[in-house]
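Presented below is the structure to which this report refers.
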Amino acid sequence: MLCIAACTKDLEPSKDILLEGDELNLKGFGENYRKLFVLNEGGLGANNATLDVLRLQRGMYVRSAFRKMNPAVSGGLGDVGNDIALHGEELWMVINNSGIVEVVSAFDETEIAAIPVPTPRNIAFDDNYAYVTSWAGAYASGTYDDKGVYTITDSSNPKGCVYRINLKTKKVEGTVEVGLQPEGIALYGGRLYVANSGGISSQLPPLYAYDNTLSIIDAASFKLVQTIEVAVNLKSVWSDGKGAVYVTSMGNFWDAHTGLYVLYADNPSKVALVGSGTAIKPEALHVSCSYLADGAVYCIGTEDEFNWSVPHNYYIWSCKITDYASGECTISLYPQTLSGTPYGMAVVKASGAEADSKHYLVLGDAGDYFNPGTVSCYALEFNDGEKYWSVNAGVCPGHFAIW
Amino acid sequence: MLSILTVLWAALCMQTPDTLVAAMLSAPRDLPTLKPAEEIKVTGVEACGAAGISEAVKRFTGVQVKDYGGLGGLKTINVRSLGSEHVGVFLDGVQIDNAQNMQVDLGRLSLDGLSDISLYNAQKNVRLQSAKEYASGQALHLVSSAPRSDALWLRVRGGSFGTFNPSIVWDKCLGRIGLRASAGFVGSKGNYKYPYFDTTLVRENGDIKSLRLEARVCGTLDKGSWDVHLYGYGSERGFPGPVIRRASGFPFSAERQADRDLFAQMSWIQDWSEYWSTAIRAKYSNNYTHYATHPEKNPMAMPYDLHYLQQSAYISAVQSYAVDYKWSFDLAADLQWNSLRSDAFLSRNPRRLCFTGALAARYKAESLRFCAHLAYQGARDGGEGEPLRAWMPSLSFAWEPLEWMELDAFAKRSYRLPSFNDLYYSLMGNSSLKPESAFQSGLDLFIHTNSGPWRWEGRVSPYYNRVSDKIVAIPTVSQFRWTMLNIGLADIAGLDLKGCATLTKSDFSSSLTLRYSYQSALDHSMPGSLTYGNQLPYIPRHSASADLLLKWRAWTLSWNTLYNGERWSRSANIADYHIAPWSVSDAQLSRSFELNALGRKISAVASLLVSNVFSFRYEIVQGYPMPGRSILASVSFQI
């Protein structure tokens, strides 16, 4: 998600060029990119995670591209796709309930490697390694032998891990224990920032409690260096590449609100809730999903987050640090109001003359969460009352990567 | 009169109707109800090659049995697409209930000790039935046989996938008191082969062991009867889990579940006069479940190690008054208390007190019968929240214009309460859930003729149902955070056809039963959505079955073929969720013997059942493959 490869208009003939899909009029969206990848989560136990590809030059939306390009892979992409990210010309996908980190070519979606990692969640990269958060420790932790066979060594420790995967060999090289059911992960300045959720522990004996910490790992030594209390049930982590690290909290669905927190790499213990000390109260800034683009974190939130028995209206807002010394930031509220069931988002900067003034919002709507959802595109800065384009996707389109 | 109740399978399997049923029918106040759509005698079921209740009822018209495969796999019944929560399962008039999820696993129920199984399209409406029988959208009625003479039955069954199933039933009669003790064990490894994409794998962790112990004491009084039934069931089983893509080295599942179900049930039925009768029924049940995912064996498992204890106490009182030979009225009141204790999901311990009342009227004239009832159900959970209330009316008519023809019509509204799972065991419990509503209407045309050794029967049943305020599970912000909403709406139009022909000669008899169901079960929940107007998940448009039974002297050969048309596992009827049609055939050959041993006469039956003769590879629930060909051999003795 963080990795946007060098822009190119070259359209190399690739093996997936013959895949047919829906023709879309993109109305200028993604002109300076090649593909938008959409990872549809699917349902737990339904083995229906799918990878869709929108060819930006042709305006062609191809569903289930992974299965079509890899007919020999038994079971398709697998069960519950939880994260997608580009590293150079490789597309990495984290398939949670299959226990697989799937690596494919961004050119043609053909499989490069399928790496076993127990209950993987999210992914980040540096130059040598991929780092994958895993709930494994919630259930069991173990070791791999030379052949990649996993042996359980401990099944009572509820803490999760970060798995380190060598980008060249595609093999797991070590784990570091973090907090309960770690979710988002981001890298900045040689350190990994890991959000611990406790989403499973909160429902189960003996703890019945969420985690509220961010684990900081030194990437070079691959050791935990600091654990910081942030807020209950942390979810996503974003680095803006200039020293600010954003963390979202999902709240406890009962009396603790969702929110966006920010801390700085040079003094990570000082955590601020975005909106504090501004005219906009932080209680009015909700987060159900988020995305980092163009140096800002974009969030979709709803005011009715404790009452799921009413139809929800969602709004979009963003936060961008303007002064790293004082922590001053610009909070923008956008005019679009979204109904339905927003499930995942991406924000893409316009090209050409509009580059500084226009962003596109790509929104994954989960519909009823059980049947295929939709992916739609809106203009972020102005509410012209229409979608730029919209297309039927897979079940729970939740994760995007643009190439 | 007998022709009304003498139903197809009974005729098919050459059983005379149970004498108790016949006797009750002759009383003036027992004005008849509509005919059951399907009723089978248990002796007939076994002759026809069904080893359990789910095998028997899955052949019925309009019925879908959801089966996760193997002896340990959950088996639930859905009638005319209302959803399994709307189907009550009643044992001797008392519901086998499950407040946690409102579903009864047919796989746990045994045929031993039962006399018949019936399913009504409209409403069963006989004298002295409990209020809950009126308040159930659809109901599967199981009736126990009464001990009538001293006898001992022994049976051993065994076969493929390590299946071993011995059982024993012992009856003793002491004057007006009958005693019965029975026990059964079921063990199976469940290690059947199934196709995994391009290869073949063996289902793992699908084993089960279960033990059932039952005791009954029943007796007759002057103008009355009583019955006490004690039941215990324990099982330990694995859940093999859905077949999904899994990293090599990680198993699909290591989940295990242990259950211990106990209940004590009693009934007392008394006629005070020719016109006035009372029934009292009571039940206490205590069901314990231990479910664990065993993360030490499966690194992919969520770390659940959960314990559930469900208890329920139930009492029902019914008064029945027959004004004359034409009119009768029933007033029934049931009170039930349910509780669930668990260490799952913040240790919520819901309790529910539920009152069900029903007023029913029946009228019978020369060729016309009429039944109506109004039921009320009110429930309050743990003294908190708004009470759940529902009024449920029903009307039905039967007209016999000719001796060989009957036309029935009915309309009915019923509700099912939200289950404890719906209300409390999703993380975002939704206390504003309403009961789910089902409207049913239908017609039944029955014809039956006798001509010499031939007997023909037929039924044509069109119907229309609507399920509204359907309780649907919706995840909120991720797949692991669910809530429940009353957002579903489904319209179901269907047609059931059934025909049966039997031929009886001196030492030869044969019968053929053909059934066909058409169901257009459409999702009308969200106008404009991808799923609007599509077929509901797991409901085939077309399904059919054929049963052939041949008897010659001591030999019986039965053949059953079941066909299910194409279905989808989601209401998005697209290729990804398409489930191919399947057709499975079972065959059974059995021979009965008369032996003289141990100084007494022993009758014995030996049989060989081949299930899925053509080893058809299929799934009823997507991701849960069903077994291929399997063999079950059985020997039983009656002493």
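The values are calculated or read from the model by the stated rules, or taken from the named source; none is laboratory data. These figures come from a predicted structure and were not determined experimentally. Quick reminder, even Gly has a Cβ in these numbers, built from the backbone with ideal geometry, and neighbours come from all protein chains shown.
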| message | Tell me whether the range A:47-55 contains one or more residues that are in contact with a Ser or Thr (Cβ under 7 Å, 6 or more places away or on another chain), in a loop (DSSP other than H, G, I, E, B) and not charged (D, E, K, R). | response | no
| If you check every pair at least six apart or on different chains, which have Cβ atoms under 6 Å apart with a residue in the range A:254-267 that is in a strand (DSSP E or B) first and a residue that is surrounded by fewer than 17 Cβ atoms within 10 Å (Cβ to Cβ) second? | A:Val262/A:Ala272; A:Tyr264/A:Gly243
| query | What residue, of A:Val104, A:Val53, is more than 13 Å from chain B (Cβ to nearest Cβ), modelled with pLDDT of 95 or more and touching a helix residue (DSSP H, G or I) at 6+ places or on another chain (Cβ under 6 Å)? | reply | A:Val53
| query | Can you name the residue in the range A:131-171 that is at pLDDT below 95, part of a strand (DSSP E or B) and among the hydrophobic types (A, V, I, L, M, F, W, C) and is also surrounded by the most Cβ atoms within 10 Å (Cβ to Cβ) among such residues? | reply | A:Cys161
| Any idea which residue in the range A:290-311 is surrounded by the most Cβ atoms within 10 Å (Cβ to Cβ), counting only those that are assigned to a loop (DSSP other than H, G, I, E, B) and either touching a residue at least 24 places away in the same chain (Cβ under 8 Å) or among the hydrophobic types (A, V, I, L, M, F, W, C) (or both)? | A:Trp308
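So that you can scan it fast, the table gives a plain yes or no per residue for (1) out of contact with any strand residue (DSSP E or B) (no Cβ under 6 Å at 6 or more places or on another chain); (2) touching a residue at least 40 places away in the same chain (Cβ under 8 Å); (3) within 12 Å of chain B (Cβ to nearest Cβ); (4) not hydrophobic (A, V, I, L, M, F, W, C):
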| residue | (1), (2), (3), (4) |
| --- | --- |
| A:Gly45 | yes, yes, yes, yes |
| A:Val62 | no, yes, no, no |
| A:Ala85 | no, yes, no, no |
| A:Gly88 | yes, yes, no, yes |
| A:Leu91 | no, yes, no, no |
| Neighbours by Cβ (under 8 Å, 6+ apart or cross-chain): first from the range A:320-334, in a loop (DSSP other than H, G, I, E, B); second among the aromatic types (Phe, Trp, Tyr) | A:Tyr324/A:Tyr264; A:Gly327/A:Tyr264
| Of the residues A:Gly42, A:Gly78, which single one is in contact with a Cys (Cβ under 7 Å, 6 or more places away or on another chain), crowded, with 24+ Cβ neighbours inside 10 Å and at pLDDT 90 or above? | A:Gly42
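Quick one: is A:Ala265 within 14 Å of chain B (Cβ to nearest Cβ) and either within 20 Å of A:Asp83 (Cα to Cα) or touching a Ser or Thr at 6+ places or on another chain (Cβ under 9 Å) (or both)?
Values: within 14 Å of chain B (Cβ to nearest Cβ): no; either within 20 Å of A:Asp83 (Cα to Cα) or touching a Ser or Thr at 6+ places or on another chain (Cβ under 9 Å) (or both): yes.
When the stated conditions are applied, A:Ala265 does not pass them.
Of the residues B:Ser510, B:Ser517, which is in a strand (DSSP E or B), within 21 Å of the chain's Cα centre (by Cα) and away from chain A (no Cβ under 14 Å)? Before you say what the answer is, go through the steps one by one.
Details: B:Ser510 fails: within 21 Å of the chain's Cα centre (by Cα).
Only one candidate qualifies: B:Ser517.
Looking only at the range B:431-467, which residues are charged (D, E, K, R) and in contact with a Ser or Thr (Cβ under 9 Å, 6 or more places away or on another chain)? Show your work before the answer.
Filtering the range B:431-467 down to residues charged (D, E, K, R) leaves B:434, B:436, B:444, B:455, B:457, B:459, B:466.
The answer is B:Glu436, B:Asp444, B:Arg455, B:Glu457, B:Arg459, B:Arg466.
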| message | Which of the numbered conditions does B:Ile487 fail, given that it passes all the others? Conditions: (1) assigned to a strand (DSSP E or B); (2) hydrophobic (A, V, I, L, M, F, W, C); (3) under 28 Å from B:Glu85 (Cα atoms); (4) away from every other protein chain (no Cβ under 13 Å). | response | (4)
| said: Can you list the strands (runs of 3 or more DSSP E) lying wholly within the range B:1-100 that have 2 or more residues being at pLDDT 85 or above and among the aliphatic types (A, V, I, L, M)? | reply: B:63-67, B:75-79, B:87-91
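Given the options B:Ala333, B:Ala365, B:Ala360, name the one that is surrounded by fewer than 16 Cβ atoms within 10 Å (Cβ to Cβ), away from every other protein chain (no Cβ under 14 Å) and among the aliphatic types (A, V, I, L, M). Give the steps one after another, and end with the answer.
Values: B:Ala333 fails: surrounded by fewer than 16 Cβ atoms within 10 Å (Cβ to Cβ); B:Ala360 fails: surrounded by fewer than 16 Cβ atoms within 10 Å (Cβ to Cβ).
The unique qualifying residue is B:Ala365.
Yes/no matrix, rows are residues, columns are (1) buried (at least 17 other Cβ atoms within 10 Å of the Cβ); (2) free of Cβ contacts under 8 Å to residues at least 24 places away in the same chain; (3) away from chain A (no Cβ under 14 Å); (4) of a type in the set (Phe, Trp, Tyr):
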residue	(1), (2), (3), (4)
B:Arg553	no, no, yes, no
B:Asn573	yes, no, no, no
B:Tyr577	yes, no, no, yes
B:Asp586	yes, no, yes, no
| task | Would you be able to say whether some residue in the range A:381-392 is in a strand (DSSP E or B) and more than 14 Å from chain B (Cβ to nearest Cβ)? | result | yes
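Restricting the search to the range A:211-229, which residues are closer than 21 Å to A:Gly301 by Cβ and surrounded by fewer than 22 Cβ atoms within 10 Å (Cβ to Cβ)?
Our first condition is that a residue be closer than 21 Å to A:Gly301 by Cβ; within the range A:211-229, this holds for A:212, A:214.
Selection gives A:Asn212 alone.
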| note | Output for Cβ contacts, cut-off 8 Å, separation at least six or different chains, first residue at positive phi in the range B:104-124, second among the acidic types (Asp, Glu) and not in a loop (DSSP other than H, G, I, E, B), reads B:Gly113/B:Glu214
| task | With the checklist (1) surrounded by 18 or more Cβ atoms within 10 Å (Cβ to Cβ); (2) at pLDDT 90 or above; (3) touching a Ser or Thr at 6+ places or on another chain (Cβ under 6 Å) in hand, flag the one item B:Ala301 doesn't pass. | result | (2)
| field | Failed item, numbered, when B:Thr293 is tested on (1) β-branched (Val, Ile, Thr); (2) within 24 Å of B:Leu74 (Cα to Cα); (3) away from chain A (no Cβ under 14 Å) | value | (3)
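Here is a check on your reading of the model: is A:Val245 crowded, with 17+ Cβ neighbours inside 10 Å, modelled with pLDDT of 90 or more and part of a strand (DSSP E or B)?
Yes, satisfied.
Table: residues versus (1) within 14 Å of chain A (Cβ to nearest Cβ); (2) crowded, with 20+ Cβ neighbours inside 10 Å; (3) not charged (D, E, K, R).
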site: B:Arg341; (1), (2), (3): yes, no, no
site: B:Pro350; (1), (2), (3): no, yes, yes
site: B:Phe355; (1), (2), (3): no, no, yes
site: B:Cys371; (1), (2), (3): no, yes, yes
site: B:Ala375; (1), (2), (3): no, yes, yes
| said: Can you confirm whether B:Tyr363 is within 19 Å of B:Gly137 (Cα to Cα) and hydroxyl-bearing (Ser, Thr, Tyr)? | reply: no
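Please count how many residues of the range A:177-210 are farther than 14 Å from A:Val245 by Cβ, hydrophobic (A, V, I, L, M, F, W, C) and surrounded by fewer than 22 Cβ atoms within 10 Å (Cβ to Cβ). Outline the logic, then answer.
Our first condition is that a residue be farther than 14 Å from A:Val245 by Cβ; within the range A:177-210, this holds for A:177-183, A:196-210.
If we keep only those that are hydrophobic (A, V, I, L, M, F, W, C) too, we end up with A:178, A:180, A:200, A:204, A:207, A:209.
Within this subset, residues satisfying the condition of being surrounded by fewer than 22 Cβ atoms within 10 Å (Cβ to Cβ) are A:200, A:204, A:207, A:209.
Residues meeting the conditions: 4.
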